[in-house]
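See structure below.
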Amino acid sequence: SQTIHQWPATLVQPVGSPLSLECTVEGTSNPNLYWYRQAAGRGLQLLFYSVGIGQISSEVPQNLSASRPQDRQFILSSKKLLLSDSGFYLCAWSAPGSMNTEAFFGQGTRLTVV
Amino acid sequence: GENVEQHPSTLSVQEGDSAVIKCTYSDSASNYFPWYKQELGKRPQLIIDIRSNVGEKKDQRIAVTLNKTAKHFSLHITETQPEDSAVYFCAPKGGFQKLVFGTGTRLLVSP
């Protein structure tokens, strides 16, 4: 069966510090991978998505970046965090290609920038 | 996919009442229409979905109806219970690989 791991669960970082959130998927090949951010009480904002190794599409301008160094690994990074980067970050995967099926989410990372 | 809106943004009902949430989308290529439930502090999880060759699907107290011509689909919850309180998201998907969620609807069921 497929599983998705996302860590850490919570993170408190000072303004200006770097960020690295990691997400890995097991039990499937060539998944579509997504990073979302959710502000408190708000919706799911799509940040990045990837349909294959090294292929990253960015949805919003920001000081974040994403990388997919391996087929089932998706990393969200920042060189210098801003206060406005605080939020709940969710990684998700779905079946590859044109197969439109359910998206599965990681447990999420609650990031607080102080 | 693409532009996805939900209405209402907040819905308060009494336990036992029905609740209906509507999702409108712009991408005419959409062919998969899921609804996700997100409880407080947790990850969204699929509760029901429908494909474009079906007009309605029911699973116990929840149902989804689709109007592809008008580009909207709705979530129906009957006999609501306090544990139905959550935020609900639609996420219509078509040919594009990106997955865009609706604006979300906060449902509050009062005992």
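Side notes on the structure shown:
- Residue A:61 vs. criteria more than 14 Å from chain B (Cβ to nearest Cβ), modelled with pLDDT under 95, exposed (fewer than 15 other Cβ atoms within 10 Å of the Cβ) and out of contact with any Lys or Arg (no Cβ under 6 Å at 6 or more places or on another chain): yes
- Number of the condition not met by residue B:106 [criteria: (1) surrounded by fewer than 21 Cβ atoms within 10 Å (Cβ to Cβ); (2) away from chain A (no Cβ under 14 Å)]: (2)
- Yes/no for residue B:22 being in a strand (DSSP E or B), over 21 Å from residue A:94 (Cα atoms) and touching an Asp or Glu at 6+ places or on another chain (Cβ under 8 Å): no
- Some residue of segment B:46-63 being among the basic types (Lys, Arg) and in contact (Cβ under 8 Å) with a residue 40 or more places away in the chain: no
- Filtered by the rule that a residue be at the interface with chain B (Cβ under 10 Å from one of its Cβ atoms), within 16 Å of residue A:93 (Cβ to Cβ) and at pLDDT below 95, segment A:16-43 gives a lone residue, A:32.
- Residues within segment B:28-48 that are at pLDDT 95 or above, among the aliphatic types (A, V, I, L, M) and farther than 17 Å from residue A:91 by Cα, tallied: 2
- Within segment B:22-36, the set of residues being within 15 Å of residue B:50 (Cα to Cα) and either of a type outside the set (Phe, Trp, Tyr) or surrounded by fewer than 17 Cβ atoms within 10 Å (Cβ to Cβ) (or both) comprises B:22, B:23, B:24, B:29, B:30, B:31, B:34.
- Comparison of A:40, A:66 shows that the only residue that is assigned to a loop (DSSP other than H, G, I, E, B), among the small types (Gly, Ala, Ser) and closer than 18 Å to residue A:105 by Cα is A:40.
The values are calculated or read from the model by the stated rules, or taken from the named source; none is laboratory data. Note that the structure is a prediction, hence the values are computed from the model and not measured. Neighbour counts run over all protein chains shown; Cβ positions are idealised from the backbone, glycine included.
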